[in-house]
1. Cα gyration tensor of the stretch 35-179, axes a ≥ b ≥ c as square roots of the eigenvalues: rounded (a/c below 1.5), prolate (a/b > b/c) or oblate?
2. Quick one: which residues, 5+ away or cross-chain, put their amide H under 5 Å from the amide H of ASP166? H built at 1.01 Å from N.
3. Roughly what would the spin-label model give for VAL87 and GLU46, points 7 Å off Cα along C-beta, in nm?
4. What is the local net charge at PHE116, summed over the other residues whose Cβ is closer than 14 Å to its Cβ (Lys, Arg +1; Asp, Glu -1)?
Amino acid sequence: MPPVSGGLPQAPPVPEGYGAGYGAEGYGDAQYAAMAVPAGMYYDQESGLVLPQGVQLASIGRRIGAWFLAIPLAIVTLGIGYIIWGVIIWARGQTPALQVLGMRCWRPETRSVATFWWMALREIVGRLADGVLGIFTEITSLVLMVAGRERKSLHDWIAGTVVLYDPDKLLDPGRVPPG
């Protein structure tokens, strides 16, 4: 039985490193997730993820907007410019459309911005999987994003990423913290 203090039961201590990945899923209990949140992070009850302060899970509308924005961006940059732009900013956990809309890919498992190679997995292998059966896998990807707590499309599931809205560029790897 947990120790009692002032008549209220106290939760047992969380072992070091226990459930270091996702939110409540890693602990089996939201109470433990809230207890083990590191400084500078918060527990998002809607998604069950531990996220950095100052950012939030990207909305469904913003995610759909990024999908549609990629089309004119690819046309304006003649396709090759879009690919070059994308490869350059993958190291920041972004695609051109995500960058324009102030979003970034985050890896809850490591609690860090997706690196170049995770973004390559997401954008190459994940997008191939999205398009393998044409409209059927695209619709499946959309349904996964709309219906899931973490708003993950098929390519996000493949790379283990979630998309965060980061309007102040708090997660930019080149950003120098104030102070």
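Please treat every number below as a calculation from the coordinates, not as lab data. Since the model is a prediction, treat every value here as computed from it, not as a measurement. Quick reminder, even Gly has a Cβ in these numbers, built from the backbone with ideal geometry, and neighbours come from all protein chains shown.
1. It comes out oblate by the Cα gyration axes.
2. The list, which skips near neighbours in sequence, is MET103, ARG104.
3. Reported label-point gap for VAL87 and GLU46 is 3.6 nm.
4. So the environment of PHE116 carries a net charge of +3.
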